[in-house]
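K.L.:
Sharing a structure below in structure tokens format, with a few things to ask.
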Amino acid sequence: MNIFRGLSALPEFSNSVITIGSFDGVHQGHQKILKSIQQLAEENEGVDVVITFHPHPREIVYPKDADLHILTTLDEKLEYFRRAGVSNVVVVPFTIEFSQQPAQEYIEKFIVSRFHPKYIVIGYDHRFGLNRAGNVHLLKMYGEDHGYEVVQIEEEELKDITISSTKIRLALQNNNIDLANSLLGHPYMIKGQVVTGNRLGHHIGYPTANVQIIDHKKLLPKDGIFAATATLGGVEYKGMLYIGLRPSIESASERRVEIHLFDFDRQIYDQDITVEIYKFIRGDRKFPSMEGLKSAMAEDELTVRKYFRGSLPAQADVATVILNYNGKNFLERFLPFFRSSRFPNEKIYVADNASTDGSVKWLKSTYPDIECISLSKNAGYAGGYNEALSRIKAKYYALVNSDIEITSQWLQPIIEMMEKDPTIAAVQPRILAESKRGYFEYAGAAGGFMDSLGYPFCRGRVLQNLERDTGQYESAIPIFWASGAALVIRSDAFHEMGGFDTDYFAHQEEIDLAWRLLLRNYKIMSCPQSVVYHVGGGTLSYSSPEKIYLNFRNNLITLFKYLPKPDFIPVVSLRWLFDGFAGLRFLAKGQFANAFAIIRAHYYIYGHIRSILQKRKDLGEQFTRQPLAKLPGVYQGSIIMDYYLRWKRKFSDLFPS
């Protein structure tokens, strides 16, 4: 996300889609506006720009207003914009001079001359200019002369309550955290810095991080105890938050914000901390003795831990298994995120494929509580997982690449979905790019599909074209395959299918397994409410000739195994033709190793035709083959033809809503 602080060094925006406002709280109504500008920018090959103000305009216009309380500081606001995948944020210094601009001048000299918008997206109550004289009608009138369109977003309602920053403030002041978070669309955030306290918490067994609030206008809930999380260095920890005057300990006039982190023992003074509040537990009160305070805190801890454990059935146990091969750098970077998972019945394993980079030694010394399954050789993704999962008992397996950054609640919506429907065998989360937040990642995006010739593609990724996530694929739907980068599968279904085909070694073994599951009438689902971030190409880059070889080879093997007789000859013949075109395209680009990789893939098929046909025969005895067209998640056309000849580059072009 590009952040521009001030107006002096702005780039030359063109074809921009802009929105303007204070965005205090970045609540659900604001989030709808952000999604709108992203979607319009994507559709019009433009750039999305959020224009916000600092300080809050009321501070400047009404400097003596002591009642002003803000929901989000500037840093908090920027964090929400980053999470929403905004591309550009311009922070405009709000001054008396700026506030005195007439509405017409504001449009011409500020909006048009600096941002050259194609679209202006605003909320239902947007006003601007001197005395707030400007409104949507004036914007639209000037749009006719300056070539922009105005899109007005209507007021959002939740449970018949119109969403507004004022109602969120009132909910927080009454400690109605549930309502406030519902209106916000996210937990209430407090950013600050950890400062030194009097260390009394250490002496009573509940050490706390004392959070210094940077902006004195930041609204805090009423005094009490809350279930909360704290993020330090990008990693989230659960804990219980205290806000108040500490009446049992001292006579003080300054409210404290302190958080006790569970299972945490590190010095973190002077570090930035982000606290997010989830639940009000009880109000503050004075205890007659330290023993009474300690007893109450012990009860609070049990209550908060129970809250974070959630209400999922105890039998919904999950084994999260991270397959590693020479990925020590990824383990160092991403394992802390797995430790912050909020799923109550989860055990984390690392299955190591005979790494030579010191991964195992580092893991055992740094995370002795994480079980490491050391494999004797590098058997690839397929063989490595087959061997590791044969040693693990759990109801669900969460198979996750070592280059995945999970979000703390990624498992909850997936397991809830699978618990409700026992015919769902596997579920994939929404997979976004770790390096380019707000865009889908190649390996899975929002769910895997197949075309009529057996070419895989994704909801959010067709061939090499990666879409921006603007909320266009929010529904949970049946898919053909779930990405091996991150998926959850029922252990009994995995073993019933015989696991992965180890001859694949790596790449598309999940598609092969998915095809078998579909033939057994299991469902495979996409769950966009669950989100993870993927680096991609952690072991082999996407442009690696070896990866191209494995993808083409394994895809052809899969077609040989599963296509029914009427489809076999026409599909395989066309595949040879299309694969030939792909090879010629690589040659034209001078990518000779990639072209040779396709030739190698086809020669593998010729050289192993007997064993491949034997696989086909064996599968025919176990499953009733079905035409591709009758399976879920199949596009009846050809993505190659549509992509290059009909310019259909997005999933929504193939499946118009």
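K.L.:
Which count do you get for residues in the range 469-507 that are surrounded by fewer than 23 Cβ atoms within 10 Å (Cβ to Cβ), out of contact with any Phe, Trp or Tyr (no Cβ under 8 Å at 6 or more places or on another chain) and part of a loop (DSSP other than H, G, I, E, B)?
P.N.:
Going through the range 469-507 one residue at a time, the tally reaches 10.
K.L.:
Looking at K361, K347, can you tell me which residue is under 23 Å from E416 (Cβ atoms), without any contact (Cβ under 8 Å) to a residue 60 or more places away in the chain and not in a loop (DSSP other than H, G, I, E, B)? Please lay out each step first, then the result.
P.N.:
Values: K361 fails: under 23 Å from E416 (Cβ atoms).
Of K361, K347, the one residue that is under 23 Å from E416 (Cβ atoms), without any contact (Cβ under 8 Å) to a residue 60 or more places away in the chain and not in a loop (DSSP other than H, G, I, E, B) is K347.
K.L.:
Determine which member of the set I404, I373, I348, I415 is buried (at least 21 other Cβ atoms within 10 Å of the Cβ) and touching a helix residue (DSSP H, G or I) at 6+ places or on another chain (Cβ under 7 Å).
P.N.:
Values: I373 fails: buried (at least 21 other Cβ atoms within 10 Å of the Cβ); I348 fails: buried (at least 21 other Cβ atoms within 10 Å of the Cβ); I415 fails: touching a helix residue (DSSP H, G or I) at 6+ places or on another chain (Cβ under 7 Å).
Of the residues listed, the single one that is buried (at least 21 other Cβ atoms within 10 Å of the Cβ) and touching a helix residue (DSSP H, G or I) at 6+ places or on another chain (Cβ under 7 Å) is I404.
K.L.:
Counting only residues that are under 20 Å from the mean Cα position of the chain (by Cα), more than 21 Å from G6 (Cα to Cα) and aliphatic (A, V, I, L, M), how many does the range 38-91 have?
P.N.:
Of the residues in that region, 1 qualify.
K.L.:
Restricting the search to the range 320-333, which residues are in contact with a Phe, Trp or Tyr (Cβ under 9 Å, 6 or more places away or on another chain) and part of a helix (DSSP H, G or I)?
P.N.:
K328, L331, E332
K.L.:
Please determine whether any residue of the range 129-137 is surrounded by 15 or more Cβ atoms within 10 Å (Cβ to Cβ) and over 23 Å from E59 (Cα atoms). Show your work before the answer.
P.N.:
Quick first cut of the range 129-137, residues surrounded by 15 or more Cβ atoms within 10 Å (Cβ to Cβ) only: 129, 134-136.
Keeping just the survivors that are over 23 Å from E59 (Cα atoms) gives 136.
Checked the range 129-137: at least one residue is surrounded by 15 or more Cβ atoms within 10 Å (Cβ to Cβ) and over 23 Å from E59 (Cα atoms).
K.L.:
Let me ask something additional. Search the range 593-618 for residues being crowded, with 16+ Cβ neighbours inside 10 Å and aliphatic (A, V, I, L, M), and hand back the single one that is farthest from I424 (Cα to Cα).
P.N.:
A595
K.L.:
On to the next question. Which members of the range 431-464 meet the condition of being of a type in the set (D, E) and either surrounded by 24 or more Cβ atoms within 10 Å (Cβ to Cβ) or within 26 Å of L556 (Cβ to Cβ) (or both)?
P.N.:
So the first thing to find is which residues in the range 431-464 are of a type in the set (D, E), and the list is 434, 441, 451.
If the condition is that a residue be of a type in the set (D, E) and either surrounded by 24 or more Cβ atoms within 10 Å (Cβ to Cβ) or within 26 Å of L556 (Cβ to Cβ) (or both), then E441, D451 are the ones that fit.
K.L.:
Failed condition for H69, given (1) farther than 23 Å from Y119 by Cα; (2) touching a Pro at 6+ places or on another chain (Cβ under 7 Å), with all others met?
P.N.:
With (1) farther than 23 Å from Y119 by Cα; (2) touching a Pro at 6+ places or on another chain (Cβ under 7 Å) applied to H69, the lone miss is (2).
K.L.:
Test of understanding: among G580, G637, which residue is part of a loop (DSSP other than H, G, I, E, B), at pLDDT 90 or above and surrounded by fewer than 15 Cβ atoms within 10 Å (Cβ to Cβ)? If you could, list the steps in order and put the result at the bottom.
P.N.:
Values: G580 fails: part of a loop (DSSP other than H, G, I, E, B).
None of the others qualify; the one that does is G637.
K.L.:
Filter the range 297-318 down to residues that are surrounded by fewer than 18 Cβ atoms within 10 Å (Cβ to Cβ), touching a residue at least 60 places away in the same chain (Cβ under 8 Å) and not in a helix (DSSP H, G or I), then give me how many there are.
P.N.:
So the count comes out to 4.
K.L.:
Now for a different question. For the range 615-634, enumerate the residues that are under 29 Å from G460 (Cα atoms) and either at pLDDT 95 or above or assigned to a loop (DSSP other than H, G, I, E, B) (or both). Walk me through it before giving the result.
P.N.:
Going through the range 615-634, the residues under 29 Å from G460 (Cα atoms) turn out to be 625-634.
Of everything in the range 615-634, those that are under 29 Å from G460 (Cα atoms) and either at pLDDT 95 or above or assigned to a loop (DSSP other than H, G, I, E, B) (or both) turn out to be R625, Q626, P627, L631, P632, G633, V634.
K.L.:
Hey, any hits in the range 216-224 for a residue that's surrounded by 20 or more Cβ atoms within 10 Å (Cβ to Cβ), assigned to a strand (DSSP E or B) and more than 28 Å from the chain's Cα centre (by Cα)?
P.N.:
no
K.L.:
Given L577, L550, which one is over 30 Å from I406 (Cβ atoms) and not assigned by TED's automatic domain parsing to the domain that holds L463? Explain how you work it out, then say what you get.
P.N.:
Values: L550 fails: over 30 Å from I406 (Cβ atoms).
Only one candidate qualifies: L577.
K.L.:
Of all residues in the range 340-365 being in contact with a Lys or Arg (Cβ under 9 Å, 6 or more places away or on another chain) and of a type in the set (S, T, N, Q), which is nearest to T231 (Cα to Cα)?
P.N.:
Ranking the qualifying residues of the range 340-365, first place goes to S340.
K.L.:
Could you check R585 against (1) loosely packed, with under 12 Cβ neighbours inside 10 Å; (2) in a helix (DSSP H, G or I) and say which number it fails?
P.N.:
Result: R585 passes all but (1).
K.L.:
I would also like to ask the following. Looking at the range 164-171, can you tell me whether even one residue there is crowded, with 16+ Cβ neighbours inside 10 Å and either in the same structural domain as A9 (by TED's automatic domain parsing) or at pLDDT below 90 (or both)?
P.N.:
Looking through the range 164-171, at least one residue is crowded, with 16+ Cβ neighbours inside 10 Å and either in the same structural domain as A9 (by TED's automatic domain parsing) or at pLDDT below 90 (or both).
K.L.:
So, one more: Mind checking which residues of the range 368-394 are touching a strand residue (DSSP E or B) at 6+ places or on another chain (Cβ under 7 Å) and part of a loop (DSSP other than H, G, I, E, B)?
P.N.:
So the first thing to find is which residues in the range 368-394 are touching a strand residue (DSSP E or B) at 6+ places or on another chain (Cβ under 7 Å), and the list is 370-375, 381, 384-385, 388-389, 391-392, 394.
Of everything in the range 368-394, those that are touching a strand residue (DSSP E or B) at 6+ places or on another chain (Cβ under 7 Å) and part of a loop (DSSP other than H, G, I, E, B) turn out to be I370, L375, R391, I392, A394.
K.L.:
Does K294 satisfy the condition of being in a helix (DSSP H, G or I), among the basic types (K, R) and in contact (Cβ under 8 Å) with a residue 60 or more places away in the chain?
P.N.:
Working: in a helix (DSSP H, G or I): yes; among the basic types (K, R): yes; in contact (Cβ under 8 Å) with a residue 60 or more places away in the chain: yes.
Criteria met by K294.
K.L.:
If you check S530 against the conditions, is it touching a residue at least 40 places away in the same chain (Cβ under 8 Å) and crowded, with 23+ Cβ neighbours inside 10 Å?
P.N.:
yes
K.L.:
Cβ-Cβ below 6 Å, separation at least six or inter-chain, first residue in the range 319-332 and of a type in the set (A, V, I, L, M), second surrounded by fewer than 18 Cβ atoms within 10 Å (Cβ to Cβ): which pairs?
P.N.:
Close Cβ pairs (under 6 Å, with a partner that is surrounded by fewer than 18 Cβ atoms within 10 Å (Cβ to Cβ)) amount to A319/K347; A319/I392.
K.L.:
List the number of the failed condition for E276; all other conditions in (1) among the acidic types (D, E); (2) crowded, with 16+ Cβ neighbours inside 10 Å; (3) assigned to a helix (DSSP H, G or I); (4) under 29 Å from the mean Cα position of the chain (by Cα) hold.
P.N.:
(3)
K.L.:
Would you confirm, using the coordinates I've provided, whether I107 is in contact with a Pro (Cβ under 8 Å, 6 or more places away or on another chain) and either small (G, A, S) or assigned to a helix (DSSP H, G or I) (or both)? Before you say what the answer is, go through the steps one by one.
P.N.:
Details: in contact with a Pro (Cβ under 8 Å, 6 or more places away or on another chain): no; either small (G, A, S) or assigned to a helix (DSSP H, G or I) (or both): yes.
No: the conditions fail for I107.
K.L.:
List the number of the failed condition for E387; all other conditions in (1) under 30 Å from R309 (Cα atoms); (2) surrounded by fewer than 24 Cβ atoms within 10 Å (Cβ to Cβ) hold.
P.N.:
Single failed check for E387: (1).
The values are calculated or read from the model by the stated rules, or taken from the named source; none is laboratory data. No experiment lies behind these values; they were computed from the predicted model shown. Neighbour counts run over all protein chains shown; Cβ positions are idealised from the backbone, glycine included.
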